[in-house]
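I have a structure I would like to understand better, so I am pasting it below and will then ask my questions one at a time.
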Amino acid sequence: MSQNPILRRCIACKKVLDRKYFLKVTRDFQNGVVFSGGMGRSAYLCPTESCFEEALKRKRLQKSLRCDIHSSVFNMLQKQLNTCIDSDTEA
Ligand SMILES: [Zn+2]
């Protein structure tokens, strides 16, 4: 039995992929914007610099989650992104 992938769309480039390839940002109803877990509206983003830039410049996260995104959230997102890119190049 193969599991069906759960498809999600990147908020920046609109590419549709299995959600495991995306960075997930959730607007948790208690804890605000979180990166892992959380209950509430979620946005998905490719772990690439270009999609991060697009999301940042065009306020895609704000629109997708329908709330203000603190700059610290983008800083954390960029850190996660760098971790992804580093592990890719070292492999
Ligand atoms: Zn993307």
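Would you mind stating whether L81 is in contact (Cβ under 8 Å) with a residue 24 or more places away in the chain, surrounded by 14 or more Cβ atoms within 10 Å (Cβ to Cβ) and not hydroxyl-bearing (S, T, Y)? Give the steps one after another, and end with the answer.
Values: in contact (Cβ under 8 Å) with a residue 24 or more places away in the chain: yes; surrounded by 14 or more Cβ atoms within 10 Å (Cβ to Cβ): yes; not hydroxyl-bearing (S, T, Y): yes.
So L81 fits the description; yes.
Let me ask you something else. If I filter the stretch 26-70 down to residues being more than 16 Å from the ligand (Cβ to nearest atom) and among the charged types (D, E, K, R), which single residue comes out as surrounded by the most Cβ atoms within 10 Å (Cβ to Cβ)?
R27
Being among the hydroxyl-bearing types (S, T, Y) and in contact with a helix residue (DSSP H, G or I) (Cβ under 8 Å, 6 or more places away or on another chain) is the filter; apply it to the stretch 43-69 and report the residue that is farthest from C84 (Cα to Cα).
Residue satisfying both the conditions and the ranking: Y44.
For the stretch 61-79, how many residues meet the condition of being closer than 20 Å to S36 by Cβ and of a type in the set (K, R)?
Residues flagged as closer than 20 Å to S36 by Cβ and of a type in the set (K, R) within the stretch 61-79 amount to 1.
None of the figures in this text is laboratory data; all of them are computed from the coordinates on show. The structure displayed is predicted, hence computed values, not measured ones. In this analysis, Cβ positions are derived from the backbone assuming ideal geometry, glycine residues included, and neighbour counts consider all displayed protein chains.
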